[in-house]
1. By per-residue mean of other Cβ atoms within 10 Å, what is the highest-first order of 13-20, 69-76?
2. So what's the back-of-envelope 222 nm ellipticity for the chain, counting only DSSP H runs of four-plus at -39500 (n - 2.57) apiece and dividing by all residues, rounded to 500?
3. Loop-only check: which GluC sites (Glu not before Pro) in the chain are DSSP coil with at most 12 other Cβ within 10 angstrom?
4. By the scheme Lys and Arg +1, Asp and Glu -1, what is the net charge of all other residues having a beta-carbon under 15 Å from that of V84?
5. Give the angle, between 0 and 90 degrees and rounded to the nearest 10, that separates the Cα long axis of helix 64-78 from the longest principal axis of the Cα atoms of the chain.
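Derivation of every value follows stated rules applied to the coordinates shown; laboratory data play no part. All figures in this text were calculated on a predicted structure; none of them were measured in a lab. Virtual Cβ from ideal backbone geometry, glycine too; neighbours counted across all protein chains shown.
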Amino acid sequence: MQDLEALNREMKAAGAWLFAAGLHPTDTATVVRRQGTEVLITDGPFAEAKEHLGGFTVIEAEDLDAALGWAGKLARATTLPIEVRPIQH
């Protein structure tokens, strides 16, 4: 956590950091999905994957290369896989 806090300070100083948050464990999740014309609500998540979203960080980067540079630093600071996606405007 110290490495992550140091990296957050570095991103803030560089003007890249916008927002970050950790999430509660997956057993607290509820999944809401459309099923035909109805909405189905279930305890979840039930994604067919071994990995799940544990938190997120929103940054502003000049381009994909800059975003991937920050993601590499996050991966080293947390030892977790980092998925990089642009935000739709």
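1. Answer by packing, highest mean first, reads 69-76, 13-20.
2. -10000 deg cm²/dmol
3. Those that pass, being in a loop and sparsely packed, are E48, E51, E62, E83.
4. Surrounding charge for V84 is -3.
5. 80
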